[in-house]
Amino acid sequence: MLRPVAAFLVVLGGLAAGTPAPALAQGDQGCDLCHGEVELLRQHVPSLAEAERLSVTSSVIAASAHEGESCASCHTGYQRWPHPDGGTTETCVSCHEEAGRLWDSSLHAHPRLDELDPADCASCHGSHDIRWVDELREDDGIRTMNATCVSCHETQAMVPSEPHGDTVSCAGCHAPHGTKGVDDLTAAVAPLAQAATCGACHEEAAEAFPGDAHGAALADADPLALDDLMEAGAEMPATCTSCHGGHGMVAVDDTASLAVHVDACATCHADEADRYFGTYHGKATALGSHVVATCDDCHGAHGIFASAEEASWVHESKLVETCGECHEHAREAFVAYDSHPDPLDPDRNFPLFVTFVFMNALLLGVLVVFGLHTFLWWVRILIDSRRSEATEGSHG
């Protein structure tokens, strides 16, 4: 058996003499003789970058997810140097059929902009130093794959301060192979799929969502109608991202999330939000309070129901318990407090309506009377001033 150095000299000797070189019968070791030498490759390719791209040894493959596979497992017909034109490279799909089927229906296989090239397996996984799937689910693997995604999707990078930053992979939400556009109803982040996608990690929230007011509205929605709403960018039934956002998410234990969540509720419940900001709770929130009750403190975050339903936190039978979370001395009389008062609705709260009308009429009356009084006082001063000037002129 020839030693590696001897085999290398035989190959070079064959090239120099212009005679066919012997087959590299030693498998990957034979491939290493040329593909392990950048300087040798540089003599036969147009650039150093191309030489470095072709530089790979069997040790790299042995340390990858393809350990146990030989170069010839993917590259067939390359047994001799120079490589014949008939050499071929197997596609990843030849082994990974299911991943290939999903990729073929994805946004990466068929980019929407003509000037974009499809992103194939090597674009994300590399060609030779491919990592194990289990490694890609660990912290270092997640960061590596996310950096790969961000190399194309530059504006979608997540910062470490986000709840998902460096801890959740892009593929964890967008699907690793069957990735679809965010406005595609078949995407993993589409409205009808979010409960399952987010629920893979947030099980308790996912279990509560389908039966509540938001989940029921989404389940009852016509998928075709949802598609039209997505195209038009119109308001849709609330989903996970409607309240929490997707990228740029704020952690629920971050005090900044209080204002974010109130604003999120206000996008659909504008009237209720306006009335909330007219109360002590709302005014304190607007001033930056981090302890006052916001929407989810009273209505819940997941498992939200209409106030008329017994399951609701704000059903009349549960108000003492709900308000008692903050106000330990809450009693029946205490919970009669109107949390979303409308001073212009006499049917909702007649005493408040009367008080509102009276106080505003009083304020308007005071402004009119004293405004008129001030105006007439100025007129009187002006008249007296001119009379004084006329008197002084006649005496002069």
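Return the sequence-ordered ³J(HN,Hα) values of the stretch 336-345 in whole Hz as given by the Karplus equation 6.51 cos²θ - 1.76 cosθ + 1.60 applied to θ = phi - 60°, using x for Gly and Pro.
6, 3, 8, 7, 10, x, 10, x, 9, 10
What's the local net charge at VAL56, with K and R +1, D and E -1, over the other residues with C-beta under 12 Å away?
Computed value for this residue: -4.
Select from GLY288, GLY141, GLY303 the residue whose mean-square fluctuation is largest in a Gaussian network model of the chain (Cα-Cα springs shorter than 10 Å).
Maximum fluctuation in the GNM of the chain, among the listed residues, is at GLY288.
With the Cα gyration tensor of the stretch 251-299 in hand, give its eigenvalues times 5 under a square root as the equivalent ellipsoid semi-axes, listed largest first in whole angstrom.
Semi-axes from the Cα gyration tensor: 16, 13, 9 Å.
At a Förster radius of 25 Å, what calculated FRET efficiency corresponds to the Cβ-Cβ distance of CYS95 and ASP140, to the nearest 0.05?
That pair, CYS95 with ASP140, gives E of 0.50.
Express in nm, to one decimal, how much length is gained between LEU54 and ALA308 on full extension, taking 0.36 nm for each residue of separation and deducting their alpha carbon distance.
The span from LEU54 to ALA308 would gain 84.5 nm if fully extended.
For labels at THR76 and ALA361 in the simple 7 Å Cα→Cβ model, what's the distance in nm?
It works out to 9.5 nm between the two label points.
Could you give the length gained by full extension between PHE350 and CYS268, i.e. 0.36 nm per residue of separation minus their alpha carbon distance, to one decimal place?
My answer for the length gained is 26.8 nm.
If you average 1/r across every pair of different Cα atoms in the stretch 92-179 and take the reciprocal, what Kirkwood value do you get, in Å?
13.8
With a sphere of radius 14 Å drawn around the Cβ of ALA122, what net charge do the other residues whose Cβ falls strictly inside it have (Lys, Arg +1; Asp, Glu -1)?
-2
Which value in nm describes the separation of the simple spin-label points at GLU328 and HIS83, placed 7 Å from the Cα toward the beta carbon?
So the two model labels end up 7.6 nm from each other.
Using only Cα atoms, find the angle between the long axis of helix 139-150 and the longest principal axis of the chain, and express it within 0 to 90 degrees, rounded to the nearest 10.
That works out to roughly 80 degrees.
For a Förster distance of 41 Å, can you work out the FRET efficiency between the beta-carbons of ALA205 and GLU67, rounded to the nearest 0.05?
0.55
Binning at 20 Å from 0, report for the chain what percent of all alpha-carbon pair distances ends up in each bin.
All Cα pairs, binned at 20 Å, distribute as 18, 34, 22, 15, 8, 3, 1 percent.
Can you tell me which of CYS326, CYS268, CYS243 moves the most in a GNM of the chain? Springs connect C-alpha atoms under 10 Å apart.
Greatest mean-square fluctuation among the candidates belongs to CYS326.
Using a Gaussian network for the chain with springs between C-alpha atoms less than 10 Å apart, which of these wobbles most: LEU372, LEU40, LEU352?
Among LEU372, LEU40, LEU352, the largest mean-square fluctuation in the Gaussian network model of the chain belongs to LEU372.
Just subtract the alpha-carbon distance of VAL379 and VAL45 from 0.36 nm times their residue separation and send over the number in nm, one decimal.
Roughly 110.5 nm would be gained on extension.
Could you tell me how many degrees, from 0 to 90 and to the nearest 10, lie between the Cα long axis of helix 4-17 and the main elongation axis, the longest principal axis, of the Cα atoms of the chain?
Relative to the chain, helix 4-17 is tipped by roughly 80 degrees.
In degrees, nearest 10, range 0 to 90: what is the angle between the Cα axis of helix 256-266 and the longest Cα principal axis of the chain?
70
Readers should treat all values here as calculations from the given coordinates under stated rules, not as data from a laboratory. All figures in this text were calculated on a predicted structure; none of them were measured in a lab. For neighbour counting, all protein chains shown are included, and Cβ atoms are generated from backbone atoms with ideal geometry for every residue, glycine included.
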